């Protein structure tokens, strides 16, 4: 009942007023005797002073003690460099004004502390990724420079076929560099929450077929078979068609990169309640158990995880894939056995 300070003050004032009225009634009975007039006056003055003093002490205790605790808590929070929130025992969002104020202060401390920790973590990640990216950028740039300088220095002395080979290598490094930069921009945009999904309902099976067609020529050249159950599936998905296409493309491209001739890549669709699942499985080289938990890490991806020296991937595809899946409220899961193959499972909202 007496949760607010005004109610508490009103209650105390009512009690004091009731006591004073009771005393005045008693004093009026004594005032009929003139001999008691001075005594009654002293009693009235004394009770008034006592009532005022009691009320002042109550106000002092009510406000000062908890305000001092709040001030000490904020000082401790400041001395901890805003990293350790301080909790107050009287904090209660259902209490009086001071209790609710202390509860709000606790929540603000938690928010500030979490944001500072997140900022420090992001700053550490940014320094790490810049260090790794500088190494990854240096490699293709050095290669391109070497071949182009050779062409300039030996103009007219290098056979035409060898010149073409040098230019093809330089072009390949340019493509790799361009993809790496584009992936970095895309991943940065996704991780900064600047990307927004344009949600719509579309048949996932048709999108899978389109993505397969995009990689069919590469698969045929490598002798890899791509299979799917899309003919039997009509699952509708609610999401951003361009982003989900990027997910499927990244996973299929990753599978092709790690598959040898006569390998099989299967894409299976299914639905459970309000989620549509896509499973991309390959019979490629697999992933070592000690590296499996690192494959979505930007640092690991930039350093590369494939032994294929002819790859043109920038190495950030799985990190981008994971962020897009999370943007749709889904999860991505991977299982792998070394030298037997890898399976990625992702889910999206059903249409």
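Legend: ranking of residues 324, 105 from fewest to most surrounding C-beta atoms inside 10 Å; resulting order 105, 324.
Working from Cα pairs under 8 Å separated by at least six residues, relative contact order for segment 200-349 is 25 percent. Spin-label model, residue 165/residue 197: points 7 Å from Cα along the beta carbon direction are separated by 4.9 nm. Segment 151-169 and segment 261-297 have their alpha-carbon centroids 42 Å apart. In this simple spin-label model, placing a label point 7 Å from the Cα along the Cα-to-Cβ direction at both residue 272 and residue 185 gives a separation of 3.8 nm.
In this simple spin-label approximation, residue 72 and residue 222 carry label points 7 Å from Cα along the Cα→Cβ vector, and these lie 6.6 nm apart.
Diffusion coefficient of segment 102-220 by Stokes-Einstein, Kirkwood radius over Cα pairs, 10 °C, 1.306 mPa s: 81 µm²/s. Exposure proxy shown here: for 160, 334, 169, the number of other Cβ atoms within 10 Å sets the order, fewest to most, as 160, 169, 334.
Note on segment 200-349: Cα convex hull, mean projected area over all directions, 8.4 nm².
Among 328, 333, sorting on how many other beta-carbon atoms sit within 10 Å of each Cβ, with the fewest leading, yields 333, 328.
Since every read-out is calculated from the coordinates, none of them should be taken as a lab result. Please read these numbers as outputs of a predicted model, since none were measured by experiment. Ideal geometry is used to build each Cβ from the backbone, glycine not excepted, and the neighbour counts take in all protein chains shown.
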